[in-house]
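Inspection log for the structure reproduced underneath, given as structure tokens.
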Amino acid sequence: MNQTFSIAVFHGDGIGPEIMAPTLAILERMAEASGGYDLVFQDAPAGAAHYARTGESLPERSIQIARSSDAILLSAMGLPDVRYDDGTEISPQIELRKVLTLFAGIRPVTVRKGQKTPLNMPADREIDFVLVRESTEGLFFTQGRGEVTRDEARETLLITRDISEKLFRFAFDLAKTRKAAGRGPGRVTCVDKANVFRAFAFFREMFDAEAAKHSDLIADHAYVDATALWMIQKPWDFDVLVTENMFGDILSDLGAGLMGGLGLAPSADIGLEHAVFQPCHGSAPDIAGKGLANPFAMILSAAMMLEWLGVKHDNSALSKDGTRLREAVEDVVASGALLTRDLGGTAGTEAAASAVLDALFVA
């Protein structure tokens, strides 16, 4: 009998529902063909549009749906003209990270041979590294609660031993998994600013303590400013980078730029029990309803979800399909035949998603 997995679905704002629909269709088709698992989707209302209608951005019922699910698939959230009273954006995805303690933000950066990139990259090079961003504290700790007076403003950066130790264990486990799969040398780089801030010296100290437990892996350090430079000069040298919340927020967008834009940037926020999978890009309300949205990052996020579920539940069919789906998107993008406008092409949402289906079931 197939294992059945419950997926909480947050359809999002703007283009969110448009890129979620074909993603769910692809997942349903893969589950039907797999013979190894079934997926059940449960809608969870949230977001800026929901807030505008009801005064709630993340209803308690939706939190409960997320808690009880096996995984959470979340589309683009937020609208520029809908904000809380203090002027901050509606960000249920950040609230979910904190409520569910999703401390490990996973931002993969992949550029295959033949894929267009802003870099002048040698033809024989590929980029394949993962940024692991702490997602619950750091400089985001006082989100919406910073102190502001007429003359000054203060935000609090928080780094705790509890979360950091979990984060570093996750990063080294990820490097070990990637090494076993032939996707990296088993190298973990701690990205910090330990030469200036005591908080980051503390961060590095805990990293080194975890590194000492993994003699089979490589561990090193890099300051965040140098890392930004090296991501442009030699991104193929990286394997797993682990860093604080704000640094990770900035570097992940740089990583998306290497791939050609946020339209190719998937993400996951993972804790000990729960995980959210979502595209890194925004809700793009200016093109909503026009059929122009790029679905690739949403589909790649779904592929990450399948891979995570496969590992967590020891289900080889899920793991295999997660890899197949990721590689199908990578093949479509590398071919350059059916790219959306943000990637320099003319394809719409439906055509781009159909190309992925064809790569899965026709090619």
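If you check 52, 76 for being in a loop (DSSP other than H, G, I, E, B) and either out of contact with any Leu (no Cβ under 7 Å at 6 or more places or on another chain) or at pLDDT below 90 (or both), only one passes: 76.
On the given criteria, is residue 255 under 15 Å from the mean Cα position of the chain (by Cα), of a type outside the set (A, V, I, L, M, F, W, C) and farther than 18 Å from residue 28 by Cβ? In short, yes.
Could you check, for the range 116-138, whether at least one of its residues is assigned by TED's automatic domain parsing to the domain that holds residue 327, within 19 Å of residue 297 (Cβ to Cβ) and either surrounded by 13 or more Cβ atoms within 10 Å (Cβ to Cβ) or of a type in the set (A, V, I, L, M, F, W, C) (or both)? Looking for residues that are assigned by TED's automatic domain parsing to the domain that holds residue 327, within 19 Å of residue 297 (Cβ to Cβ) and either surrounded by 13 or more Cβ atoms within 10 Å (Cβ to Cβ) or of a type in the set (A, V, I, L, M, F, W, C) (or both), one finds none in the range 116-138, hence no. Comparison of 194, 268, 256 shows that the only residue that is crowded, with 17+ Cβ neighbours inside 10 Å, among the hydrophobic types (A, V, I, L, M, F, W, C) and part of a strand (DSSP E or B) is 268. Of all residues in the range 1-37, count the ones that are part of a helix (DSSP H, G or I), among the small types (Gly, Ala, Ser) and within 17 Å of residue 291 (Cβ to Cβ). Here the count works out to 3.
For the range 140-191, a residue qualifies if it is among the hydroxyl-bearing types (Ser, Thr, Tyr), closer than 13 Å to residue 243 by Cα and part of a helix (DSSP H, G or I), and exactly one does: 164. Screening the candidates 92, 22, 45, 17 for the property of being surrounded by 15 or more Cβ atoms within 10 Å (Cβ to Cβ), modelled with pLDDT under 95 and not small (Gly, Ala, Ser) yields one hit, 92.
Would you point out the residue of the range 272-293, among those that are crowded, with 19+ Cβ neighbours inside 10 Å and of a type outside the set (A, V, I, L, M), that is farthest from residue 48 (Cα to Cα)? Checking each candidate, the answer is 274.
The values are calculated or read from the model by the stated rules, or taken from the named source; none is laboratory data. Keep in mind that this is a model prediction, so the values were computed, not measured. So basically every Cβ, Gly included, is an ideal-geometry build from the backbone, and we count neighbours across all protein chains shown.
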